[in-house]
Amino acid sequence: MRRATLRCARETLERVTMNEPKKVFVKTWGCQMNVYDSDRMTDTLAPGGWEETSTVEDADLVILNTCHIREKAAEKVFSELGRIRRVKEARALRGETMVVGVAGCVAQAEGVEIARRAPVVDMVFGPQSYHRLPDLIDRVAAGARVVETEFPVEDKFDHLAPASRERTVARGLTAFLTVQEGCDKFCTFCVVPYTRGSETSRPVDRIVAEAERLADAGVREVTLLGQNVNAYHGPGPDGAAWSLARLLRRLAEIPVLARLRYTTSHPRDMGDDLIEAHRDLPALMPYLHLPVQSGSDRILAAMNRRHRRDDYLRLVERIRAARPDIALSGDFIVGFPGETEADFAATLELIEAVGYGSAFSFKYSPRPGTPAAAEADQIAESVKVERLARLQALIDRQTRDFNLSRLGMTMDVLLEKPGRRPGQLAGRSPWLQAVHLDAPVDLLGTIVPVRIDAVMTYSLSAVRLDAPAPSSRPVAALGGVR
Ligand code: 5AD
Ligand code: SF4
């Protein structure tokens, strides 16, 4: 069986070398950084003749890009691998090959265990090794079974292939751009500092070049990504370390990039210059994801968040003073070890005090190797379930109120894709809300003024304010606008 796998892998490589198109299937779990990483992996493979497929049965190469942030992530990967093993065996019976790789944070955290438990896996590699993917495939083809979970000294971003223009166009009018990776904060519940390593920031000129390439391909909105993105401190062209605010000011000079966003931020790194950037830069959208996790000082201390509830509330006030229309979003964890009903009530109070546009909330999930997982006073599942439901009811109410507050409002919408009904386009408000309106396809990629005329549960409906008289505008073919 083992020998068959190796022979198959060698045949796969040979067909690729002969420039026969080969198919790669990537399944992505987790955050936007994993989405970005999956795209960079397929971009890195594309020059070698690899095309993407959305069906695992067709795939010569399968990559599972995994997330370890919550729950039984590793178990999900193993059950997916069970399914893939059956597909691989069925393909082998037809004389077809399949190379299987596990990437991402589960790979980083449990690499050896995955290799031990799942013989179907040919290669396991962590987020710092993606630029080596073609080489890893070569090593598998040469008979090796690869486990690569080191933090190499070279910067993977120096080697990861940029997307071609065609691939960027196909991905649409909004794009992610990773500017920072890793985290030095060590919140006691979080695996990120272990799976993604310590904080690193990409150089300004590389980021600007990538943003310009995206703009050249028609991208109108870029979201800068980092586990702790507002801790960004990459080397600038002048040799100084640039802050995120300075980077945003530079990117705002690229005219096509009408909209800039960034995620996700830590309250401790929300510097004055970043708050001023929200005041000064029209391209910086008035929506900020600023997780606080808990409203209880006792729990914030136990989480090692390094700030108190009042620090957060004061910060929110300062941000709102600089940009009054800003909407806040956040992350909350319920049922952290030792969380009492009073601690939880303090979180609900904080949510009431801030008033969020949207928020994400999670039951605390013990992560192997993190300090909080070793605490004795773990909270019962039933309590977590009950608290999560209460917290989510509050957030849902706030989101509904926030959406309703847009009714009758005029705003700009970036038209991103065809809508559900013929003659409709769908886009986003400055606050990331989905908006539908009647508009011709030649307006895709443009930003149009609209008035909100109805509020649904998950989207807003709008009418154009700049609509020409009926039938005066020809309808171009989709894609002609890029
Ligand atoms: N349990 C539950 N939620 C977690 N998060 C991170 N680690 C855990 C954990 N162990 C949440 C935090 C973070 C978001 C990305 O995931 O709220 O901000
Ligand atoms: Fe995890 Fe964010 Fe805390 Fe870093 S700041 S340890 S990524 S929760």
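Descriptive notes on the structure:
- A Cβ distance below 8 Å, combined with a sequence gap of six or more or placement on separate chains, defines the contacts here; from segment 190-205, residues that are over 19 Å from HIS233 (Cα atoms) reach residues that are within 16 Å of ligand 1 (Cβ to nearest atom) and outside any loop (DSSP other than H, G, I, E, B) in the pairs VAL191/CYS105; VAL191/ALA109; TYR194/GLN108; TYR194/ALA109; THR195/CYS105; THR195/GLN108; THR195/ALA109; THR195/PRO127.
- Answer residue from segment 260-290, given it is over 18 Å from GLN227 (Cα atoms) and hydrophobic (A, V, I, L, M, F, W, C) and is surrounded by the fewest Cβ atoms within 10 Å (Cβ to Cβ) among those: LEU281
- Residue in segment 448-476 that is farthest from SER405 (Cα to Cα), counting only those that are open to solvent by less than 60 Å² (accessible area, probe 1.4 Å), modelled with pLDDT of 85 or more and aliphatic (A, V, I, L, M): VAL448
- Residues being open to solvent by less than 10 Å² (accessible area, probe 1.4 Å), in contact with a helix residue (DSSP H, G or I) (Cβ under 9 Å, 6 or more places away or on another chain) and part of a strand (DSSP E or B) - total across segment 291-344: 5
- PRO162 meets each of the listed conditions (1) modelled with pLDDT under 90; (2) crowded, with 22+ Cβ neighbours inside 10 Å; (3) not hydroxyl-bearing (Ser, Thr, Tyr) apart from (2).
- 2 or more residues more than 27 Å from PRO291 (Cβ to Cβ): qualifying helices (runs of 4 or more DSSP H) within segment 113-209: 133-141, 165-171
- The single condition from (1) assigned to a loop (DSSP other than H, G, I, E, B); (2) out of contact with any helix residue (DSSP H, G or I) (no Cβ under 9 Å at 6 or more places or on another chain); (3) modelled with pLDDT of 95 or more that ARG421 fails is (3).
- Among (1) away from ligand 2 (no atom under 16 Å from the Cβ); (2) modelled with pLDDT under 95 - the single one PRO368 does not satisfy: (1)
- Checklist (1) outside the structural domain of VAL441 (by TED's automatic domain parsing); (2) of a type outside the set (Lys, Arg); (3) open to solvent by 20 Å² or more (accessible area, probe 1.4 Å) applied to PRO422, failing item: (1)
- In segment 57-81, the residue that is nearest to ligand 1 (Cβ to nearest atom) out of those that are over 21 Å from the mean Cα position of the chain (by Cα), closer than 23 Å to THR44 by Cα and outside any loop (DSSP other than H, G, I, E, B) is LEU61.
- Of note, ARG261 satisfies the criterion of being among the charged types (D, E, K, R) and more than 16 Å from ligand 2 (Cβ to nearest atom).
- Residue list for segment 335-368, restricted to those being within 11 Å of ligand 1 (Cβ to nearest atom) and more than 30 Å from PRO430 (Cβ to Cβ): GLY335, PHE336, PRO337, LYS363, TYR364, SER365, PRO366, ARG367, PRO368
The values are calculated or read from the model by the stated rules, or taken from the named source; none is laboratory data. It should be emphasised that the depicted structure is a prediction, and the values quoted were computed from it without experimental measurement. With ideal geometry, Cβ positions are generated from the backbone for all residues, glycine too; neighbour counts draw on all protein chains shown. Side chains included, ligands, DNA and RNA excluded: accessible areas come from the protein's heavy atoms. Shrake-Rupley method; radii C 1.70, N 1.55, O 1.52, S 1.80 Å.
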